[in-house]
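Structure, as structure tokens:
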Amino acid sequence: MKIINIVDRIDNVNFGIWNAAIFTANILKEKYGFESEIWFPNYKELPNNKEFYGALPLALDDLSVKNCEYLITSKSLDPKNTVIITHGVWRFPTRWGYCLKKHGFIWIYTPHGMLEPWGMKNKWLRKFIYFNFKEKIMVKSADLVRAVSSVEQGNLDKYFKNKTILIPNGTHSFKSQPIIQKPKPYEILFLGRLNFKKSVLQLIEAFVESNLFLNNDFKLKVVGPDDGELINIQNFINKLHNQYINLEIVPKSIRGQEKFDLLKNASFFILPSQSEGFPTSVVEAGMNGAIPIITDECNFPELFNNGLGIKTGFTKNSILNTLNSLPDFIKNHNIVDIQTSTVDFFLKNYSTEKIAEMQHDIICRFIM
């Protein structure tokens, strides 16, 4: 059995999507015998092969449908034992998925939250025209449309009723260790793209106005690659004239052990996003014992339904109120118990093994 994942970008900004596409590759191979590949446009510098988790990367020089048909022949692809999974919308993955479907392959279309209401409002006219007269017509031939959150599944049902399935994003599991009290300062971590949608500027502004600013018991750390918002963040930071002892901005992508250590040190993980498909970063943080602070728009009602996490909003005032409430939250709760429950919840429901099992069961419905 072969799984071919098709993505449009493998740069740092798009890491969440292409990482979600292949992070189960090793488990699918070791436990179920499924081989995985990832196809993407050619890049001058490919990421370290360790990032591909056992999937075979294939950089594409020619994105035309003609080259797609050539690959079917040259790689001896057989529709009887090959599943195509496309990731994202608008670009060539959908066109290639549609082409491969016409050649008899099973096609699973995964928009990763890009068709959520907030995203569809941005450049709405262009998206409305393309989606209704191009994208949706192609996707109607797909065998399944994968949602990565229960909220997204409800929204996708409006377009593709009776075709949607729910397989959330997950992350690599690890041998759980007992949670110990993390030393002060209590670190509040934002880890993600520095993008307007994620309200990172509003977060920084709220922190500076909160009673946590210049408080030695707390620290806000903002880490992630620039996706258009760094200039606004820098302009705001410059106004502080270097008077910010407990605020740190790290505008770069963090991976591997450095990322693991970052999450391990955090007491809270904050994502005041205006729209998400399903944020893998919250899963990664939760598995490492950081208490999530997220919006309803993060599409993670299961977290709140299980009495975990802290709800915030994406406006500056809403974030400010949440930050100001943290000292009382810490005073009134056993933080270690909450962190332990958070780790247990994510390990049980969003581990590599759990997501791989769900993928296996869906694929077997069609192939085996």
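In this Cβ point-charge picture (+1 for Lys and Arg, -1 for Asp and Glu), region 6-154 has a dipole of about 560 debye about its Cα centre. Placing +1 on the Cβ of every Lys and Arg and -1 on the Cβ of every Asp and Glu, with no other charges, gives region 80-178 a dipole of roughly 360 debye about its Cα centre. Exceedance of the 25 Å cut-off in Cα-Cα distance is limited, within the set K2/K163; K259/K354; K134/K354; K121/K316; K134/K158, to K134/K354. In a fully extended conformation the segment linking Y244 and N122 would gain 40.5 nm over its present Cα-Cα distance, using 0.36 nm per residue. Separation of region 229-245 and region 96-145, taken as the distance between their Cα centroids, equals 39 angstrom. Counted residue by residue at 0.36 nm each, then reduced by the alpha carbon distance between them, the extension gain from N334 to S141 reaches 64.3 nm.
For the chain, list the DSSP H helices whose alpha carbon atoms reach 18 Å or more along the long axis and whose average Kyte-Doolittle value is 0.0 or above? In the chain, the long hydrophobic H runs are 335-350.
Sorted largest first by accessible area at a 1.4 angstrom probe radius, with every protein chain in place, the residues V151, V89 fall in the order V151, V89. Straight-line cross-link reach from K161 at under 13 Å between alpha-carbon atoms covers these aspartates and glutamates, not counting any fewer than eight positions away in the same chain: D143, E152. Taking region 235-262 and a reference point 7 angstrom along Cα→Cβ of V13, the backbone N atoms nearer than 19 Å belong to 235, 250-255.
Which entry in [x] 32, 59, 9, 0; [y] 28, 56, 15, 0; [z] 26, 45, 26, 3 is this structure's computed P(r) over Cα pairs in 20 Å bins from 0, in percent? Here P(r) over Cα pairs in 20 Å bins from 0, in percent agrees with entry [y].
The fraction of Cα-Cα pairs per 5 angstrom bin, counted from 0 for region 194-302, comes to 2, 11, 21, 25, 22, 14, 4, 1, 0 percent, rounded to whole percents.
With the convex hull constructed from alpha-carbon coordinates only, region 1-142 shows a mean projected area of 8.9 nm² over all directions. Of the accessible area of region 17-147, computed with a 1.4 Å probe over protein heavy atoms only, carbon and sulfur atoms account for 54 percent. Structural size metrics of region 271-366, computed from C-alpha coordinates, are Rg and Dmax of 15.2, 53 Å. Assuming charge only on the beta carbon of Lys and Arg (+1) and of Asp and Glu (-1), the dipole of the chain about its Cα centre is about 860 debye to the nearest 20. Placing unit charges on the Cβ atoms of the charged side chains and taking the dipole of the chain about its Cα centre, the candidate lying farthest along the positive direction among S275, Y43, N81 is N81. M1 sits with roughly 50 Å² accessible to a 1.4 Å probe, with DNA, RNA and ligands left out of the calculation. Approximating the spin labels as points 7 Å out from Cα along Cα→Cβ, the E205-to-F133 distance works out to 3.8 nm.
With protein chains left intact and a 1.4 Å probe, residues in the chain average 45 Å² of accessible area per residue.
When the charge dipole of region 220-353 is built from unit charges on Cβ atoms (+1 for Lys and Arg, -1 for Asp and Glu) and taken about the Cα centre, the candidate among F300, V222, Q243 whose Cα reaches farthest toward its positive end is Q243. Could you pull out every one of the aspartates and glutamates with an alpha carbon less than 16 Å from that of K348, ignoring same-chain neighbours closer than 8 positions? Within the straight-line cut-off, K348 pairs with E284, E302, E357. The share of accessible area on region 181-248 that comes from carbon and sulfur is 46 percent, using a 1.4 angstrom probe.
With the simple spin-label model, which puts each label point 7 Å out from Cα in the Cβ direction, the L166 to F304 separation comes to 1.5 nm.
Report in % the part of the accessible area of region 251-348 that belongs to carbon and sulfur, leaving out ligands and nucleic acids; probe 1.4 Å. Answer for region 251-348: carbon and sulfur cover 46 percent of the accessible area.
Of the residues D261, D143, the one with the largest accessible area comes first in the ranking D261, D143, computed with a 1.4 Å probe on protein heavy atoms. Ordering F329, F15, H112 by Cα displacement along the dipole of the chain toward the positive end leaves H112 in first place; charges were set at the Cβ atoms of Lys, Arg (+1) and Asp, Glu (-1).
The values are calculated or read from the model by the stated rules, or taken from the named source; none is laboratory data. Computed from a predicted model, the values in this text were never measured in an experiment. So basically every Cβ, Gly included, is an ideal-geometry build from the backbone, and we count neighbours across all protein chains shown. These area figures cover heavy atoms from the full protein model, side chains too; ligands, DNA and RNA do not enter into them. Shrake-Rupley method; radii C 1.70, N 1.55, O 1.52, S 1.80 Å.
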